[in-house]
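Here the structure is laid out as structure tokens; the discussion comes afterwards.
The values are calculated or read from the model by the stated rules, or taken from the named source; none is laboratory data. Computed from a predicted structure; not experimentally measured. Note that we place each Cβ from the backbone using ideal geometry, even for glycine, and neighbour counts take in every protein chain shown. What goes into the accessible areas is simple: the full protein's heavy atoms, side chains included, and nothing from ligands, DNA or RNA. Shrake-Rupley method; radii C 1.70, N 1.55, O 1.52, S 1.80 Å.
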Amino acid sequence: MYDHRKYKKQFFMPEAASFDWIKKDCIEKAPIWCSVDLRDGNQALATPMNLEEKLDMFKLLVEVGFKEIEVAFPAASETEFTFLRTLIENKLIPQDVTIQVLTQAREHIIRRTFEALEGVPQAIVHVYNSTSEVQRRQVFRKSKEEIKQLAVDGASWVKKYAQETKGNFYYQYSPESFSGTEVDYALDICNSVLDIWKPTPDRKAIINIPTTVENAMPHIFGSQIDYINRNLVPRDSVVLCVHPHNDRGSGVCHAEYAILAGAQRVEGTLFGNGERTGNVDLVTVAMNMYSQGVEPELDFRNMPRISEIYERVTKMKIHERQPYSGALVFTAFSGSHQDAIAKGMQYREQETQEIWDVPYLPIDPTDIGRNYETDVIRINSQSGKGGVGYILQHNYGVKLPYKMNEEMGYLAKEVSDHKQTELSPEEIYRIFAAGYLNFTSELRLLDFSFGQGPHHGAELHVVHKGEELHVTGKGKGRLDAVNDALKTLLGRDYTLTVYEEHSLGKSASAQAIAYVGIEYGNKTYWGAGIDEDIINASVYALVIAINRLEHALQIQATGV
């Protein structure tokens, strides 16, 4: 039965809660990042990574810039143990990277963990035990003091075996299921563990606070972290870390609030893979910082490659709308959005701005390996003139007059709506070419020439309604003379109202494009022409515009 009354709040607000931390308006410095893709992320996969895939993932994490990577729960399985030994024995761990391993607070598991770590250059040993009220009552059936003793014993065993094992070891403790634990009790356990380890400012311990099951709004977690941050002893000898999950969909917000509240380190995964609804997505947290001018200290300049490797080794798919990394996150189909982006990009070019502030684009897509041609503006039946115009200009150098651009936008939308599909840039150009560069009706231009002298004259060799003719005209300029000849031939009293031209390239030999609009009966008919000679291009554009007019009149007359 769907009944909300069977649920209740299961989190604990600190009695001495402070909200001073929330007055900060931004994160000013990147935290220490720890990837748990190879442990927490891997255990959440339907088909866990094999040895080769794990090695590929480890290399990727190193390339991205992670300096701390949780690689295994070595006592959990032979596969985990073997992977850790492979990294150590083949010297695959870079000097500036510290691996991390996980162990429960049980002596035989801790002992096996240190057997797997023998000879490691340096490692973080991450020990945990569950502390929540629900688990104490239902799973362990132990008192607070008994659960606390498990943590203290675990810390003692970690210290003992570290002293007996070759390697350089740092310690980390997590009160697992913290999100359902009384905050003052979790703090007491953490401080008791620290009292065993006796960290120093030169050799700090890590206290990791996990939202094992996210059960509270982000400001609650922020207040809990603030309380822990203010009361850890000795605070200057501790790195305060968080490990957010995403059960409420607030993992990123939990991480950001925690950093504001004093957390110095964040554990998570690429793209948020993890059990249930996942771990916090470190890509999003880091790129959120980047979008506000903070160096994230993780390198996502080639997001497509990172995504490809991730999908291959995990067999997971990144959602098209995943922040920053999704295939469609920079894509605008909406006409109004496309128009704003196109104008913003044009403004940026004109004003030579250093600060990025293009509408609808929180960051420059090219910063993370995406491109404007295929990622930003894409055309379907929801698109408008701005998007179509942007595609033609950005991909082909075709900058349509405003009203012509509007008409071309409707033409592209009609094609997309009819096909029920998105249009590629190549398809959009083909629509433009068919409609405005190559459109034919009853008039076909075979050749033309111009006379000499102050009064421009033009002679045209044309085919009209199947009859080959020579016609002449005069005007104030060459295009005007051609127009005069064609108006005489057709007997149409239209008006040439729009004429624009520009180069299609920057070199001296680049082709030019001309646009002509003629008005007849309160409607404008458009044509375009391309040639190395701008006069030729203008004449071709005029002929196309006339053919579109003649075709429209024929349809009106015959209904066909």
Subject >> Leading residue by the ranking (most open to solvent (accessible area, probe 1.4 Å)) among those in region 493-509 that are among the charged types (D, E, K, R) and within 39 Å of the chain's Cα centre (by Cα) >> reply: Lys506
**OP:** Search region 342-356 for residues being of a type in the set (D, E, K, R) and under 21 Å from Gly389 (Cα atoms), and hand back the single one that is least open to solvent (accessible area, probe 1.4 Å).
**Re:** Arg348
Original post:
Which numbered condition trips up Ala44, out of (1) buried (at least 24 other Cβ atoms within 10 Å of the Cβ); (2) over 20 Å from Ala286 (Cβ atoms)?
Top reply: (1)
Original post:
Name the residues in region 43-60 that are in contact (Cβ under 8 Å) with a residue 40 or more places away in the chain and either in a helix (DSSP H, G or I) or in contact with a Pro (Cβ under 6 Å, 6 or more places away or on another chain) (or both), would you?
Top reply: Gln43, Glu53, Lys54, Asp56, Met57, Leu60
**OP:** Six or more apart or on different chains, Cβ under 7 Å: which pairs go from a residue in region 144-173 that's without any contact (Cβ under 8 Å) to a residue 40 or more places away in the chain to one that's open to solvent by less than 20 Å² (accessible area, probe 1.4 Å) and in a helix (DSSP H, G or I)? Could you list them?
**Re:** Lys159/Trp197
**OP:** Find the residue count for region 74-92, including only residues that are at pLDDT 95 or above, surrounded by fewer than 17 Cβ atoms within 10 Å (Cβ to Cβ) and either of a type in the set (A, V, I, L, M, F, W, C) or not in a helix (DSSP H, G or I) (or both).
**Re:** 3
**OP:** Select, from Ser307, Ser325, the only residue that is among the polar types (S, T, N, Q) and in a loop (DSSP other than H, G, I, E, B).
**Re:** Ser325
Subject >> Residue in region 382-402 that is most open to solvent (accessible area, probe 1.4 Å), counting only those that are touching a Phe, Trp or Tyr at 6+ places or on another chain (Cβ under 8 Å) and closer than 23 Å to Ile518 by Cα >> reply: Lys385
Original post:
Restricting to region 413-426, what's the tally of residues that are more than 14 Å from Tyr390 (Cα to Cα) and assigned to a helix (DSSP H, G or I)?
Top reply: 7
Original post:
Restricting attention to region 430-478, which residues are among the aliphatic types (A, V, I, L, M) and assigned to a strand (DSSP E or B)?
Top reply: Leu443, Leu445, Leu446, Ala458, Leu460, Val462, Val463, Leu469, Val471
Original post:
Restricting attention to region 474-487, does a residue exist that is farther than 19 Å from Gly397 by Cα, out of contact with any strand residue (DSSP E or B) (no Cβ under 9 Å at 6 or more places or on another chain) and open to solvent by 60 Å² or more (accessible area, probe 1.4 Å)?
Top reply: no
Original post:
What are the residues in region 289-321 that are within 16 Å of Val64 (Cβ to Cβ) and open to solvent by 20 Å² or more (accessible area, probe 1.4 Å), if any?
Top reply: Tyr290, Glu295, Glu297, Asp299, Arg301, Asn302, Pro304, Arg305, Glu308, Glu311, Arg312, Ile318
Original post:
Identify, please: which residue in region 525-540 is touching a residue at least 40 places away in the same chain (Cβ under 8 Å) and closer than 17 Å to Thr440 by Cα and is, among those, most open to solvent (accessible area, probe 1.4 Å)?
Top reply: Tyr540
**OP:** Identify all residues within region 3-34 that are among the hydrophobic types (A, V, I, L, M, F, W, C), in contact with a Lys or Arg (Cβ under 7 Å, 6 or more places away or on another chain) and open to solvent by less than 40 Å² (accessible area, probe 1.4 Å); write none if there are none.
**Re:** Cys34
Subject >> Scope region 401-419; condition of a type in the set (Lys, Arg) and modelled with pLDDT of 90 or more; matching residues >> reply: Lys403
**OP:** Could you please find all residues in region 49-73 being small (Gly, Ala, Ser) and either at pLDDT below 95 or open to solvent by less than 10 Å² (accessible area, probe 1.4 Å) (or both)?
**Re:** Ala72
Subject >> Residues satisfying the stated conditions in region 510-524, i.e. buried (at least 17 other Cβ atoms within 10 Å of the Cβ) and more than 19 Å from Gly473 (Cβ to Cβ) >> reply: Ala512, Ile513, Tyr515, Gly517, Thr524
**OP:** Say whether the condition of being under 25 Å from Leu270 (Cα atoms) and in contact with a Lys or Arg (Cβ under 7 Å, 6 or more places away or on another chain) is met by at least one residue in region 81-90.
**Re:** yes
Original post:
Out of all the residues in region 492-520, which are within 18 Å of Leu443 (Cβ to Cβ) and among the small types (Gly, Ala, Ser)?
Top reply: Ala514, Gly517
**OP:** Could you list, in sequence order, all residues of region 464-492 that are under 55 Å from the mean Cα position of the chain (by Cα) and β-branched (Val, Ile, Thr)?
**Re:** Val482
**OP:** Would you check which residues across region 200-237 are crowded, with 23+ Cβ neighbours inside 10 Å and either free of Cβ contacts under 8 Å to residues at least 24 places away in the same chain or among the hydrophobic types (A, V, I, L, M, F, W, C) (or both) and list them?
**Re:** Ala205, Ile206, Ile207, Ile209, Phe221, Ile225, Ile228
Original post:
Does at least one position in region 309-323 carry a residue that is over 27 Å from Asn50 (Cβ atoms), in contact (Cβ under 8 Å) with a residue 12 or more places away in the chain and touching a helix residue (DSSP H, G or I) at 6+ places or on another chain (Cβ under 6 Å)?
Top reply: yes
Original post:
Among all residue pairs at least 6 apart or on different chains, which show Cβ distances below 9 Å where the first residue, located in region 97-121, is at positive phi and the second is assigned to a strand (DSSP E or B) and open to solvent by 10 Å² or more (accessible area, probe 1.4 Å)?
Top reply: Gly119/Gly167
